[in-house]
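Trainee: The structure that follows is given in the form of structure tokens.
Each reported figure results from applying straightforward, stated rules to the coordinates on display, with no laboratory input. In this text the structure is predicted, and so the values were computed from the model without any measurement. Here the Cβ positions follow ideal geometry from the backbone for every residue, glycine too, while neighbour counts run over all protein chains shown.
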Amino acid sequence: MKLCAGICIFKKSGYCCIRLSLPLLKLRKIKEYRETLLHEMIHAFLFLTRSNRKHDGHGPEFKKHMYRINRATGLHITIYHTFHDEVNFYRNHIWRCTGVCRKYPPHFGFVKRSMNRPPGPKEKWCKQ
């Protein structure tokens with residue numbers, strides 16, 4: 001994983017699997033590991049206790065637990081990570097569009113990815 005710091009996956013057998021991104025977290029402080037792990041643990045808690053099976057849950061219930069844990073621990077769990085430099089570091093596969101998008105911001109036709117998967121016509125943003 002090179003785009004998100006962690007992920008919580010609900011398994012059909014009734015448990016959750018939490019994965020943390022070593023590439024994104026390896027140069028971070030232990031505090032940020034803890035915050036990322038607790039973020040994913042909130043997702044796991046909600047998956048298992050609230051029948052919340054979607055991984056889009058940063059709603060009121062998620063925030064309630066996030067704020068409660070932050071107050072109790074002094075940590076700073078957030079909804080989104082700020083590891084933008086690390087994410088960009090791993091985006092080392094670069095393509096340039098040959099179409100009209102080369103002329104327009106914000107990317108001027110450049111596509112950067114962490115995996116070697118060239119853009120194609122099935123991309124949401126791609127216009128023929």
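Trainee: With labels modelled as points extended 7 Å from the Cα through the Cβ direction, what inter-label distance (nm, one decimal) is found for Lys11 paired with His107?
Mentor: 3.5 nm
Trainee: Something else: Which links in Lys11/Lys112; Lys29/Lys63; Lys12/Lys63; Lys26/Lys63 stretch past 28 Å when you go from one Cα to the other?
Mentor: Lys11/Lys112
Trainee: Label point 7 Å out from Asp85 along Cα-to-Cβ: which residues of the stretch 14-30 have amide N under 20 Å?
Mentor: Taking a point 7 Å out along Cα→Cβ of Asp85, the residues of the stretch 14-30 whose backbone N falls under 20 Å are 21-30.
Trainee: Determine ³J(HN,Hα), in whole Hz, for all residues of the stretch 97-106 in sequence, where each value follows from phi through the Karplus function 6.51 cos²θ - 1.76 cosθ + 1.60 and θ = phi - 60°; x replaces Gly and Pro.
Mentor: 5, 9, x, 5, 5, 4, 8, 10, x, x
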